[in-house]
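First comes the structure, then the notes that go with it.
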């Protein structure tokens with residue numbers, strides 16, 4: 001795929017989305033200029049950015065981390081854009097509209113993770129790493145096993161998250177344009193591959209920045225309109241929410257969504273520490289020039305996301321007042337929202353801005369998914385080309401051209417596998433996949449990252465133990481829990497009583513790392529502990545960080 005393919009891609013996408021003969025079954029909006037124009041204006045803009053970025057990419061580093069030339073403010077917006085996915089926006093609004101008070105744990109939980117990135121992780125991560133998380137964890141440990149294990153684990157996380165985003169993108173296009181799911185999700189894959197293969201991290205960064213600005217503008221408009229409708233009174237807003245539900249004040253009471261306190265704590269652990277371990281978030285800190293810039297990026301991102309979640313509280317209340325139960329937005333003969341409950345925010349946009357604003361929101365939601373999928377693809381492909389390929393074959397010399405070819409091939413394979421998996425689970429409740437992503441990240445990447453940076457006693461054997469224990473227990477407990485064992489597999493009672501396993505799986509991962517490390521008396525373990533002082537000095541000062549060795 002080259003920049004010359006841009007007109008063909010755009011024409012093919014227009015043909016597929018506007019062809020009524022390919023309409024899918026089920027409720028959908030009619031494709032008209034209100035939805036088509038914003039979509040193709042935004043897609044044309046992002047493709048133009050990709051072509052611009054392609055002229056500035058000359059090395060593997062440009063594809064991996066934009067050559068480290070992104071400014072802190074730009075990276076802060078890109079970080080926020082990478083994190084503010086469509087599921088964050090649409091899902092959070094729908095959850096608050098349906099469940100009220102309890103849904104705030106999702107916003108508060110993930111927001112709490114950002115100060116951890118800001119104060120503990122961002123600067124050491126940039127000072128110690130080069131392209132991927134594996135660089136940081138393996139800094140003073142044995143390169144080959146650590147790179148292979150952490151990269152494989154990151155691939156698992158990336159693939160699950162890719163499937164979630166692909167299903168969301170396919171369903172959104174299917175709903176808005178009536179195209180079959182396979183065509184819808186295929187177009188997403190085609191566009192993402194264009195961003196990644198042609199524009200690399202530079203193009204992905206600017207797509208994320210634009211998407212972040214647009215979603216903040218849309219959120220600000222909806223928040224303003226909701227507050228205007230209640231006279232900018234917080235008391236009036238809550239009063240309208242209470243009167244929108246038959247149960248009255250009970251909608252503001254806790255324990256409607258999560259009744260068990262242990263489950264609630266475990267969910268909070270998953271959201272807070274899982275966010276710190278997401279590979280596509282962590283690699284963004286390698287796009288700036290030094291550790292200080294990484295810390296500034298985290299600060300800007302934290303402020304932006306805090307503002308965004310504040311908007312969502314008001315928007316969720318507005319959806320409860322103006323959308324839930326409104327016959328104009330319900331399927332005929334049912335009490336289900338057109339397109340499902342996750343479309344509550346979209347219907348609120350229609351309520352205040354009409355069909356044209358719905359088209360703008362749809363385009364931004366689509367761009368949101370594209371940006372997140374592009375970031376995930378770069379993260380996964382980097383793990384294959386920079387970590388797995390080099391260390392699996394024990395290559396001693398860095399071959400940037402060969403590595404870049406592996407990166408491109410891995411990107412294509414990742415998207416293809418994600419498309420196949422999304423096709424298999426498109427009609428299932430995939431919320432457990434999103435939960436699994438955060439649970440795995442909290443149980444594997446977070447312990448490895450924190451212990452490698454701050455604990456002298458960590459050894460290679462400890463990293464291996466933490467990763468394997470966290471991965472097996474997080475996946476295993478989720479399968480044995482109510483979400484999958486009862487909800488998906490149809491058993492009467494769950495073997496593991498909690499839906500969120502992170503509290504237990506993360507604790508076991510830390511414990512496994514400690515036991516494996518303190519019992520390791522080998523000469524290599526002693527040498528790894530002795531190298532901690534040099535690593536600690538480098539993580540704090542950043543001296544020689546710009547001259548980091550890639551392998």
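Quick notes on this one:
- Matching entry among 440, 413, 450 (being under 22 Å from residue 373 (Cβ atoms) and either modelled with pLDDT under 80 or crowded, with 19+ Cβ neighbours inside 10 Å (or both)): 440
- Across the stretch 469-488, the number of residues qualifying as more than 15 Å from residue 435 (Cβ to Cβ) and out of contact with any helix residue (DSSP H, G or I) (no Cβ under 8 Å at 6 or more places or on another chain) comes to 1.
- Any hit, the stretch 104-126, residues being without any contact (Cβ under 8 Å) to a residue 40 or more places away in the chain and over 18 Å from the mean Cα position of the chain (by Cα): yes
- Qualifying residues in the stretch 131-173 (those that are under 21 Å from the mean Cα position of the chain (by Cα) and either without any contact (Cβ under 8 Å) to a residue 24 or more places away in the chain or not in a helix (DSSP H, G or I) (or both)) - the one farthest from residue 273 (Cα to Cα): 131
- Failed item in (1) free of Cβ contacts under 8 Å to residues at least 24 places away in the same chain; (2) more than 27 Å from the chain's Cα centre (by Cα); (3) surrounded by 13 or more Cβ atoms within 10 Å (Cβ to Cβ); (4) part of a helix (DSSP H, G or I), with residue 526 passing the rest: (3)
- Test: residue in the stretch 344-366 that is over 18 Å from residue 212 (Cα atoms), in contact with a strand residue (DSSP E or B) (Cβ under 7 Å, 6 or more places away or on another chain) and either part of a helix (DSSP H, G or I) or modelled with pLDDT under 90 (or both): yes
- When 141, 128 are checked against the criterion of being touching a helix residue (DSSP H, G or I) at 6+ places or on another chain (Cβ under 6 Å) and more than 21 Å from residue 471 (Cβ to Cβ), 128 stands alone in meeting it.
- Apart from one condition, residue 88 fits all of (1) buried (at least 20 other Cβ atoms within 10 Å of the Cβ); (2) touching a helix residue (DSSP H, G or I) at 6+ places or on another chain (Cβ under 6 Å); the exception is (2).
- Selection status of residue 43, surrounded by 14 or more Cβ atoms within 10 Å (Cβ to Cβ), at pLDDT 80 or above and not in a helix (DSSP H, G or I): no
- Residue match in the stretch 480-488 (condition: assigned to a loop (DSSP other than H, G, I, E, B), over 32 Å from the mean Cα position of the chain (by Cα), surrounded by fewer than 17 Cβ atoms within 10 Å (Cβ to Cβ) and without any contact (Cβ under 8 Å) to a residue 60 or more places away in the chain): no
- Every residue from the stretch 31-74 that is closer than 14 Å to residue 366 by Cβ and touching a residue at least 60 places away in the same chain (Cβ under 8 Å): 31, 35, 36, 37, 38, 39, 41, 42, 43, 45, 46, 47
- Given (1) under 26 Å from residue 150 (Cα atoms); (2) out of contact with any helix residue (DSSP H, G or I) (no Cβ under 7 Å at 6 or more places or on another chain), index of the condition residue 501 fails: (2)
- Selected residue [touching a helix residue (DSSP H, G or I) at 6+ places or on another chain (Cβ under 7 Å), surrounded by fewer than 24 Cβ atoms within 10 Å (Cβ to Cβ), touching a residue at least 60 places away in the same chain (Cβ under 8 Å) and in a helix (DSSP H, G or I)] from 222, 190: 190
- Options 299, 232: the member that is at pLDDT 90 or above, surrounded by fewer than 21 Cβ atoms within 10 Å (Cβ to Cβ) and under 24 Å from residue 202 (Cβ atoms): 299
- When the residues of the stretch 259-288 are filtered to those that are at pLDDT 90 or above and assigned to a loop (DSSP other than H, G, I, E, B), the one that is surrounded by the fewest Cβ atoms within 10 Å (Cβ to Cβ) is 288.
- Sole exception among (1) more than 26 Å from residue 49 (Cβ to Cβ); (2) under 26 Å from the mean Cα position of the chain (by Cα); (3) not in a helix (DSSP H, G or I) for residue 310, by number: (3)
The values are calculated or read from the model by the stated rules, or taken from the named source; none is laboratory data. Just so you know, these numbers come straight off a predicted model, no measurement behind them. Virtual Cβ from ideal backbone geometry, glycine too; neighbours counted across all protein chains shown.
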